[in-house]
Amino acid sequence: ALGRAGLAGQAAITIAIFALGAAAVAGNGRRVWAAAGVLYAAALAFSVCLIRESPDVGTLAIAFLFAVVWGTDIFAYFGGRLIGGPKLWPRVSAGKTWSGTVTGVLSGAALGLATAYVGGGAEAAGWRTFLVGLVAAALSQAGDLFESSVKRRFGVKDSSSLIPGHGGVMDRLDGFIFASVFAAALGLLRGEPSVAAGLFFW
């Protein structure tokens with residue numbers, strides 16, 4: 001609710017309070033993880049609401065992030081299968097390769113740029129927007145690795161049983177969490193008329 005109202009500071013304080021509450025009731029040895037879990041889950045809802053509620057290009061920004069993250073995932077898979085080569089981080093993710101990661105990041109950024117052009121015209125699709133897409137795409141891959149490492153840390157295959165056989169809910173959102181948090185932070189730091197506008201208009 002605070003994210004939708006653009007109250008970033010109040011939202012951050014509220015999230016921190018809930019994180020501390022989760023840590024307080026968690027058992028010994030799990031307090032840090034309990035607090036981090038609240039921050040991790042809240043980061044998605046807060047950042048997406050903050051971006052989407054931008055009155056001018058909020059919808060375009062969300063579409064841009066979907067294009068970047070989905071494009072990265074899809075082309076990383078096919079790039080890795082077709083090109084092969086050295087593994088990116090076999091201890092955490094046995095299937096990811098350097099070739100797939102590079103292919104995915106470049107393709108995701110290109111698809112994001114195309115989405116910005118279709119939705120906002122040439123003014124919204126400059127080279128800086130492509131760089132934003134590159135960073136968001138790279139972070140989405142980092143989010144995927146992070147989720148895999150957390151599951152390995154706790155010895156589980158799925159993060160939940162809501163979507164059995166697909167890694168759980170958070171496994172479907174890991175890359176998007178990292179990309180959306182980056183986008184919201186960048187938009188806030190740039191101080192444009194809105195958070196979303198900060199991604200496209202320089």
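The values are calculated or read from the model by the stated rules, or taken from the named source; none is laboratory data. Just so we're clear, the structure is a prediction, and the values are computed from it rather than from any experiment. In this analysis, Cβ positions are derived from the backbone assuming ideal geometry, glycine residues included, and neighbour counts consider all displayed protein chains. Just so you know, the surface numbers come from the protein's heavy atoms only, side chains and all, with ligands and any DNA or RNA stripped out. Shrake-Rupley method; radii C 1.70, N 1.55, O 1.52, S 1.80 Å.
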In nm, the gap between the two label points placed 7 Å beyond Cα toward Cβ at residue 87 and residue 153 is 2.1 nm
Treating only Lys and Arg (+1) and Asp and Glu (-1) as charged, each at its beta carbon, one finds that the range 1-108 has a dipole about its Cα centre, in Debye to the nearest 20, of 460 debye
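Computed over the Cα atoms, what is the radius of gyration of the chain divided by 2.2 N^0.38 Å, N being its residue count?
Taking N as the residue count of the chain, the ratio is 1.07.
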Note to self: with every protein chain in place and a 1.4 Å probe, the chain gives an accessible area per residue in Å² of 52 Å²
For the chain, the charge dipole (Cβ of Lys, Arg +1; Cβ of Asp, Glu -1; about the Cα centre) points to a positive end, and the Cα of 11, 143, 183 closest to that extreme belongs to 143
Given 105-112, 29-36, 124-131, the highest-first ranking by average Cβ count within 10 Å works out to 105-112, 124-131, 29-36
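Relative to the Cα centre, what is the charge dipole magnitude of the chain, using +1 at the beta carbon of each Lys and Arg, -1 at the beta carbon of each Asp and Glu, and rounding to the nearest 20 debye?
The calculated dipole for the chain is roughly 720 debye.
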In order over the range 187-202: 3J(HN,Hα) from phi, Karplus 6.51/-1.76/1.60, θ = phi - 60°, whole Hz, x for each Gly or Pro, gives x, 5, 5, 6, x, 6, x, 8, 4, 5, 4, x, 7, 10, 10, 10
Ratio for the range 43-133, C-alpha Rg to 2.2 N^0.38 Å, reads 1.23
The size of the Cβ-based charge dipole (Lys, Arg +1; Asp, Glu -1) of the range 68-163 about the Cα centre, to the nearest 20 debye, is 460 debye
Note to self, the chain gives a 222 nm [θ] from helices alone (DSSP H runs n ≥ 4, -39500 (n - 2.57) apiece, / all residues, nearest 500) of -24500 deg cm²/dmol
A 1.4 Å probe over the protein heavy atoms gives the chain a carbon and sulfur accessible-area percentage of 69 percent
Reduced to Cα centres, the span from the range 95-131 to the range 23-47 in Å works out to 32 Å
